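Since every read-out is calculated from the coordinates, none of them should be taken as a lab result. Just so we're clear, the structure is a prediction, and the values are computed from it rather than from any experiment. Positions of Cβ are generated from backbone atoms using ideal geometry, with glycine treated the same way; all protein chains shown enter the neighbour counts.
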Amino acid sequence: MILLLATAIMAFAVAVCMTPLIRKLASRLNVYAKPNHRTIHKQVVPLLGGISIFAAYLLSFSLLIAFAPSSLDALIEESIVFLGAGFLILLLGIYDDIKGANSTQKLTTQIIAATLVIISGYKVSAVILPVGGIISLGIFSVPVTLLWIVGITNAINLIDGLDGLAAGISMGAALIMLAVSLYFGNIASAFPAAILASSLAAFLLFNFNPAKIFLGDSGSLFIGFMLGCFSINGTFRESSAVAMLIPMIVLGIPITDTILAVIRRLRKGVHPFHADREHIHHRLLNLGLSHRKVVLLIYAISLSWGLIAMLIFISSSPFMLLLLIPIAGTILYGLRRLGFTQYFRLGHNPLEIK
C-alpha cells in the first residue's frame, strides 16, 4: 500500500512539474488549438498536454519497477506492453497536434497498437457477469478486444471538446476502477488506476476552465488507450470478475456520444470521423448552460453512474441490476431532451436531418 501511495504521489508531482514546461514548449513550437467554427474557446491554447501525462505514467512505473516485490511481476510485464503500445498512440497524437493526421492514419495506428497488446496475450476471452455466469467469446475474443480498445480510445478523444471534460471523466473512471480493485484486495490492479487518476488530477489544475493547456490528441488518445487496456488486463479481470462492464458504465457518456456521432454522421451521409459541433456537450451548451456547468453536470452524471456500477458489482444480489434503470432512464431522457431521437426515426430522410 505504501508503494501504491508513493507511485500516485510521484505521478501527481511529475504531472504538476511537467505540464507548465510542456505548455511553454508548445508555445515555443507554435502548437496551438486555434479557434474555428467547431471550437468553444475564443483564443489559441497550447496543445501537447498528453506528453506530461505520459511522463507521469512512465516515471511512476519506473519507481514501481525499482521497488516492486516479485508478486507484482505480472503487473510490470503488462505495464511494459501497455506503455509500449501506448507510446505509439502518443506519437500519433503528437503528430496530429503538430501536423494533423487524417482518419485513416489515426485508425490504422490505433489498430496496430491494439494488435500489439492482443498478440502479447492480453485479450478478453470471456465476460464474467456480475451476478454469476460466464459468456465465452471464443473466436470473437480478438475482434471484441480490438473493438473495445479502439472504441474507448476514440470515445475519450471525441468527448474532449470542453476545458477539463475528457480529463475529468477519465479521472473519475480511474478512481472507480481504483476503488473496485482495492475493495477486492487486488493491489496490482490498483496501480495503473491510481497513477492515471493522480496524473489527471494534477493536469486538471491547468486544464479546467479557463484552460491554460489542452490535452490535445496526444493526451486524449493516450488516456483512452490506457483506459481501454488496463480495464481488460488479467489482474483487474481476475480480482473483480467484471471484465469490461465497470468501465463500460463509468464511461457511459463518452461511449454514448461516440455511438451517436457515428449514427448521426452516417445518417447524414458523411464520414464517421467527420468532425462536427453536435456532441452531447455542444447540445448542452445550446440549452443555455455555461461552459463550467456543462462540464460539472457531465462529471456528476459520470460519477453517479460509476457509483452505481460499484454497488452492482460488489453485491451478489441480482436485484442490484435494477440500479441500471436510472442509467437507462437518464440516457433516454437525454436523447429526447437534446434532440438526438431524430437519428433513430425509421424512414426519416437523412438529408432532412439538421
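Can you tell me the FRET efficiency between ILE80 and LEU205 if r is taken as the Cβ-Cβ distance and R0 is 30 Å, rounded to the nearest 0.05?
Once rounded, the FRET efficiency stands at 0.55.
What distance in nm separates the two pseudo spin-label positions at SER27 and TYR95, each 7 Å out from Cα along the beta-carbon direction?
Simple spin-label model gives 2.9 nm for this pair.
Can you work out the FRET efficiency for the pair ASN102 and LEU5, with r the C-beta to C-beta distance and R0 = 51 Å, to the nearest 0.05?
0.75
Going by amide H atoms built from the backbone, whose H comes under 5 Å of the H on ALA126, apart from near neighbours?
Amide H to amide H, under 5 Å and 5 or more residues apart or across chains, ALA126 pairs with LEU137.
With a point put 7 Å past each Cα toward its Cβ, work out how far THR39 is from ILE65 in nm, to one decimal.
3.6 nm
Can you put LEU245, LEU266, LEU178 in order, fewest other beta carbons within 10 Å first?
Neighbour counts put them in this order, fewest first: LEU266, LEU245, LEU178.
Expressed in whole Å with the largest first, what are the equivalent ellipsoid semi-axes of the chain derived from the C-alpha gyration tensor as the square root of 5 times each eigenvalue?
They are 29, 26, 19 Å, listed from largest to smallest.
To the nearest Å, what is the center-to-center distance of the range 166-217 and the range 53-68, using C-alpha atoms only?
If you average the Cα positions of each part, the centres end up 15 Å apart.
Do the sum for the chain: with -39,500 (n - 2.57) for every DSSP H run of n ≥ 4, divided by all residues, what is the mean residue ellipticity at 222 nm, to the nearest 500 deg cm²/dmol?
-22500 deg cm²/dmol
Give the cross-link partners of LYS24 among the aspartates and glutamates, using a straight C-alpha distance below 17 Å as the criterion and excluding same-chain residues fewer than 8 apart.
Within the straight-line limit of under 17 Å, LYS24 reaches these aspartates and glutamates: ASP97.
For the chain, with only Lys/Arg (+1) and Asp/Glu (-1) charged at the beta-carbon, what is the dipole magnitude about the Cα centre, in debye rounded to 20?
The dipole magnitude comes to about 1320 debye.
Using modelled backbone amide H atoms (1.01 Å from N, in-plane), which distant-in-sequence or interchain residues come within less than 5 Å of ALA33's amide H?
VAL45, LEU47
I'd like the Karplus ³J(HN,Hα) series for the range 182-196: coefficients 6.51, -1.76, 1.60, θ = phi - 60°, whole numbers in Hz, and an x wherever there's a Gly or Pro.
Per residue, the Karplus-derived 3J(HN,Hα) values read 5, 4, 8, x, 9, 5, 4, 5, 6, 4, x, 5, 5, 5, 5 Hz.
Would you grab the residues whose amide H sits under 5 Å from the one on PHE208? Only those 5+ places off in sequence or on another chain, please, with H modelled 1.01 Å from N.
Under 5 Å from the amide H of PHE208 lies no amide H from a residue far enough along the sequence or on another chain.
Counting other Cβ atoms within 10 Å, which trypsin sites (Lys or Arg not before Pro) in the range 38-144 have at most 12 and lie in a DSSP loop?
Answer in residue order: ARG38, LYS42, LYS99.
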